[in-house]
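The values are calculated or read from the model by the stated rules, or taken from the named source; none is laboratory data. All values reported here derive from a predicted model rather than from experimental measurement. Here the Cβ positions follow ideal geometry from the backbone for every residue, glycine too, while neighbour counts run over all protein chains shown. Surface areas here come from the heavy atoms of the whole protein model, side chains and all, with no ligands, DNA or RNA. Shrake-Rupley method; radii C 1.70, N 1.55, O 1.52, S 1.80 Å.
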Amino acid sequence: MGLQALLARAANDAKYRPVFTLPKPTAHISLSASVKTSTPPPRSTRIDNLLGKTTVDKADYLRVNNITFSNGIQLLHHRDTSSPLLSVVFSYHVGSRNEDDVTQGVAHLLEHMMFKGTDTHPLQWGRLFYVLGSATNAFTTFGQTAYFHTIHKTALEPLLVLETDRMKHITLREEQFDKEKKVVMSELTGNRNNPLMRLNEKVMAAAYKDSWPGRSIGGDTVMDLTREHALEFYLRSYRPGCLTVVVVGDIEWEDLLKQVDSVGLIDLGLNNMFEFQECPGDVPVPIAVTLEKDYDVTKRDDHKVIMKDEHTDVAYLEYLVPLCDLKEIEDVAALQVVDALFNGADLLGKFLPDVDATAETGVMTTFEQDAGWMAVVAMIPGGDYNTILTVDDKLTGKNGTFEILGSDSPYNPLTRTIVSAAIHAVVDGVRSEWFSSIDSIAIHLAIDATTTGDYMYTQRLLNATKRVTVSEVRRVINKYFRKERLIVGTLTKGTEQEAKETEERYGAVEKFTEHASVNNTAEYYRDIKCFVPSAEDILAHVASLPYHGSYTETLPSG
C-alpha cells in the first residue's frame with residue numbers, strides 16, 4: 001500500500017485516524033506504490049543481474065544477502081518469517097569523529113534535524129512515520145548515524161520513498177535549527193547528572209587530547225553551530241557511498257530488490273558527481289597519550305584525572321585501557337573474555353578483601369573500527385581518596401592484580417574451568433542479544449557493517465571467542481593492562497577546595513574539578529555554563545520525538 005493510500009486511510013477510517021490533521025504532501029515526488037496484481041510481472045533483466053551479483057553469508061541462525069550497488073549503497077537482508085514485520089535501518093558511515101573543532105556536535109544535531117521535514121514534505125516527520133505505523137528512532141555514535149524503523153511489510157515501499165527523500169531534500173529551517181540546538185544541549189547536560197559519565201568524559205579528554213575521542217558526541221559548542229555548518233556536513237556525509245541499508249523480516253530477497261529499484265535508490269546519485277563522491281571515510285583513532293614513546297611510567301600522576309563532587313557517596317576509580325585494532329580479532333575475542341571475567345566473575349573484587357569498603361567492579365567496552373578502549377571502573381561506597389589509592393595499588397602496583405592475572409604465577413586464579421565459563425557467558429550473551437528480535441538483528445548488522453566494514457564481524461568474533469585459551473587471556477591482560485598504558489580517573493566526595501588540596505598533596509598535573517548538584521538541576525547547569533531548559537524548551541523536545549508525532553500542550557500561564 002502506498003503512502004497516499006495510507007494517508008487517505010488515516011483520514012477516513014476512525015480506526016486509523018491520528019490525533020492530528022496531516023497536510024497533503026506536495027507533488028515533487030511520486031508516493032504511489034506499484035500496483036499489485038494477481039499475476040506478477042516477469043523479472044526484469046536488471047533484477048536478474050542484481051541477483052547474480054548477490055553474495056550470501058551464513059553463520060549460526062543468520063543467512064545474509066549482500067549487494068553493493070554501483071552508486072555505493074550497500075543493501076543487507078536476512079529473512080525472518082516469524083511475523084509480518086520488517087526492521088529497516090538506514091545507517092550512514094559518519095559520526096562525531098568526522099567533525100572538527102568548529103563543528104563539534106553537528107552529527108548529532110543533524111540527526112535531530114532529519115525529522116524536521118524536507119522540501120518535498122515540509123512537516124514533522126513523526127507524523128508520516130506514525131501514519132505508516134512505524135516505530136521509529138535514531139542514534140549517533142563516534143562513527144555512525146542510524147535511523148531505524150519497525151513496520152508492517154506492506155509499508156516498506158513508502159518508507160523507502162521517505163528515507164530516499166530526506167537523504168536528498170532536507171530542509172534546515174532557521175527557526176527549527178536554533179530550537180533544536182537547545183534540545184541537543186539539554187540532552188548533553190542531562191546526561192552529565194551522572195557522575196560516572198562526567199568522569200569518563202574527563203578521562204577520555206585526558207587520553208585523547210584535542211582529538212575526536214576526547215570530545216563528547218553531543219558537542220559542548222553545539223550552540224555555536226550555524227545552519228551552514230549543518231548543511232555542509234549533510235551534503236558531504238548523507239550520500240549514497242556512505243549508506244548501508246539493512247532489512248530484516250518477512251520479505252524475499254528478490255521482492256526487496258524490486259522495491260528498492262522502484263523507488264530509485266539504486267540509481268540515486270549516478271547523475272550527480274557531487275553526490276556520488278566517496279564517503280568522507282573513517283578518521284583513525286589517534287594514539288593515546290599513554291602510548292607515546294616518551295611516556296615515563298615513573299610520572300604516572302601526569303596522566304591522572306582528579307574530580308570532586310559534594311553530592312556523591314560513592315568513590316569511583318576508572319582505568320581507560322587503549323586497545324587494539326579490530327582486525328586483530330584474536331585479541332578482541334580474548335578481551336571479551338576478560339570483560340566477562342572482570343564483570344561477571346568479579347575477579348577484581350575478589351582481590352580486594354582487605355579494603356574497608358566493598359569494591360564493586362564492572363567493565364564496559366567500546367570498540368571502534370580502527371581501535372578502541374576498555375574502561376575498568378571500581379565503585380566504592382563511602383570511599384575517599386585514600387581508599388582509592390589503596391585500591392589502585394592493589395590493582396596496578398607491584399605484584400598487583402593485573403600483574404598476577406597476566407602472569408604464570410601460582411597465585412593466578414585463572415583456570416580452564418573459569419575461562420570456559422566466561423567464554424560461554426560471552427557467546428550466550430551475544431547470541432541472546434543479537435537474536436532477541438528482528439530489530440536487534442538489523443541494528444547489529446548495521447553496526448558491524450558501519451563500524452568494522454564487515455557485517456558478519458560479530459559472527460566471526462564469536463568463532464574466535466570459542467577458541468580462547470587461558471594463555472590467551474593472560475597474554476592480553478599482560479599486553480593491555482600494564483600500568484604504563486592506563487589513564488587513571490578518580491571521583492570522590494568533596495569540595496573544590498579539597499580537590500585543590502588533593503592536587504597539592506599528590507602533585508597530579510592533569511586536574512579536573514567539577515561541582516554538581518543533582519538536587520538542583522538549574523544550579524548544575526549554571527555551574528558548568530550550559531543551557532537551562534525552560535518549560536517551552538522541554539515541550540519542544542517532547543514534540544520533536546518521532547513517536548510523539550505532533551504532540552502539543554498548552555503551557556500554564558505565568
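Applying the set (1) of a type in the set (Asp, Glu); (2) open to solvent by 20 Å² or more (accessible area, probe 1.4 Å); (3) at pLDDT 90 or above to GLU433 leaves exactly one unmet item: (3).
Checking each residue in region 439-454 for being open to solvent by 20 Å² or more (accessible area, probe 1.4 Å) and either modelled with pLDDT of 90 or more or in contact with a Cys (Cβ under 6 Å, 6 or more places away or on another chain) (or both) picks out ASP439, ILE443, HIS444, ILE447, ASP454. Does LEU110 satisfy being assigned to a strand (DSSP E or B), hydrophobic (A, V, I, L, M, F, W, C), open to solvent by less than 50 Å² (accessible area, probe 1.4 Å) and at pLDDT 85 or above? No. Figure legend. Inter-residue proximity from region 236-257: first residues closer than 30 Å to SER96 by Cβ and basic (Lys, Arg), second residues open to solvent by 20 Å² or more (accessible area, probe 1.4 Å) and outside any helix (DSSP H, G or I), beta-carbon distance below 8 Å, spacing 6+ or different chains. Indicated pairs: ARG236/PRO280; ARG239/GLY72; ARG239/GLN277; ARG239/CYS279. Whether a residue is in a strand (DSSP E or B), closer than 30 Å to TRP212 by Cβ and not small (Gly, Ala, Ser) was assessed, and THR136 passes this test. Close Cβ contacts (under 8 Å, 6 or more residues apart or on different chains) running from residues in region 430-447 that are closer than 11 Å to GLN459 by Cβ and touching a residue at least 60 places away in the same chain (Cβ under 8 Å) to residues that are open to solvent by less than 50 Å² (accessible area, probe 1.4 Å) and assigned to a loop (DSSP other than H, G, I, E, B) comprise LEU445/TYR455.
Open to solvent by 10 Å² or more (accessible area, probe 1.4 Å), in a helix (DSSP H, G or I) and of a type outside the set (Gly, Ala, Ser) - does that describe any residue in region 141-151?
Just the residues of region 141-151 that are open to solvent by 10 Å² or more (accessible area, probe 1.4 Å), to begin with: 141-142, 148, 150.
This time we only want the ones that are in a helix (DSSP H, G or I), so: none.
Within region 141-151 (the criterion being open to solvent by 10 Å² or more (accessible area, probe 1.4 Å), in a helix (DSSP H, G or I) and of a type outside the set (Gly, Ala, Ser)), the answer is no, since none of the residues qualifies.
In region 479-495, how many residues are open to solvent by 10 Å² or more (accessible area, probe 1.4 Å) and assigned to a strand (DSSP E or B)? Here the count works out to 1.
Results for (1) of a type in the set (D, E, K, R); (2) modelled with pLDDT under 80; (3) open to solvent by less than 10 Å² (accessible area, probe 1.4 Å), shown as yes or no for each residue.
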| position | (1), (2), (3) |
| --- | --- |
| ARG300 | yes, yes, no |
| HIS303 | no, yes, no |
| LEU323 | no, yes, no |
| GLU328 | yes, no, no |
| GLN336 | no, no, no |
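Every condition in (1) assigned to a helix (DSSP H, G or I); (2) open to solvent by less than 10 Å² (accessible area, probe 1.4 Å) is met by LYS179 except one, and the failing one is (2).
Does at least one position in region 91-107 carry a residue that is under 24 Å from ALA446 (Cα atoms), touching a Ser or Thr at 6+ places or on another chain (Cβ under 7 Å), β-branched (Val, Ile, Thr) and part of a loop (DSSP other than H, G, I, E, B)? Among the residues of region 91-107, at least one is under 24 Å from ALA446 (Cα atoms), touching a Ser or Thr at 6+ places or on another chain (Cβ under 7 Å), β-branched (Val, Ile, Thr) and part of a loop (DSSP other than H, G, I, E, B), which makes the answer yes.
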